[in-house]
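**Q** Here's a structure for you.
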């Protein structure tokens, strides 16, 4: 773990040093598609060391109807996938 690099992230309620270690040791399997690059960038910046784009269907993005344009929807979808992965990693035992 890079001391200081994830300091602000570790101070978030529910993350801490243990959560950050779980994030770093998690493996993100990112579904291929238009939002994959955003998801890959976000999990990498959070500290996930193993991330791979895979050819399987993406989970449904529940907030898609809120976006009128593809560009912003793709960014939001990638961010959503990354957040879901990070939360699952933090909660894993």
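**Q** If I filter the range 28-54 down to residues being part of a helix (DSSP H, G or I) and in contact with a strand residue (DSSP E or B) (Cβ under 7 Å, 6 or more places away or on another chain), which single residue comes out as farthest from residue 74 (Cα to Cα)?
**A** 44
**Q** On the basis of being exposed (fewer than 11 other Cβ atoms within 10 Å of the Cβ), over 14 Å from residue 87 (Cα atoms), touching a strand residue (DSSP E or B) at 6+ places or on another chain (Cβ under 7 Å) and without any contact (Cβ under 8 Å) to a residue 60 or more places away in the chain, does residue 57 make the cut?
**A** Numbers: exposed (fewer than 11 other Cβ atoms within 10 Å of the Cβ): yes; over 14 Å from residue 87 (Cα atoms): yes; touching a strand residue (DSSP E or B) at 6+ places or on another chain (Cβ under 7 Å): yes; without any contact (Cβ under 8 Å) to a residue 60 or more places away in the chain: yes.
Here the answer is yes, as residue 57 does meet what is asked.
**Q** Among 26, 35, which is the only one that is touching a helix residue (DSSP H, G or I) at 6+ places or on another chain (Cβ under 6 Å) and touching a residue at least 60 places away in the same chain (Cβ under 8 Å)?
**A** None of the others qualify; the one that does is 26.
**Q** For residue 14, indicate whether it is surrounded by 12 or more Cβ atoms within 10 Å (Cβ to Cβ), over 14 Å from the mean Cα position of the chain (by Cα) and not in a helix (DSSP H, G or I).
**A** Working: surrounded by 12 or more Cβ atoms within 10 Å (Cβ to Cβ): no; over 14 Å from the mean Cα position of the chain (by Cα): yes; not in a helix (DSSP H, G or I): yes.
It is false that residue 14 is surrounded by 12 or more Cβ atoms within 10 Å (Cβ to Cβ), over 14 Å from the mean Cα position of the chain (by Cα) and not in a helix (DSSP H, G or I).
**Q** Also, quick follow-up: Anything in the range 60-89 that is assigned to a loop (DSSP other than H, G, I, E, B) and surrounded by fewer than 14 Cβ atoms within 10 Å (Cβ to Cβ)? List them, or say none. Walk me through it before giving the result.
**A** Just the residues of the range 60-89 that are assigned to a loop (DSSP other than H, G, I, E, B), to begin with: 60-63, 67-69.
Scanning the range 60-89 gives 60, 62, 63, 68, 69.
**Q** Please work out which one of (1) free of Cβ contacts under 8 Å to residues at least 40 places away in the same chain; (2) crowded, with 16+ Cβ neighbours inside 10 Å; (3) on the phi > 0 side of the Ramachandran plot is the condition residue 9 fails and give its number.
**A** The single condition residue 9 does not satisfy is (3).
Rule-based calculations on the coordinates, nothing more; no lab input. A quick note: this is a predicted structure, and the numbers were derived from the prediction, not measured. So basically every Cβ, Gly included, is an ideal-geometry build from the backbone, and we count neighbours across all protein chains shown.
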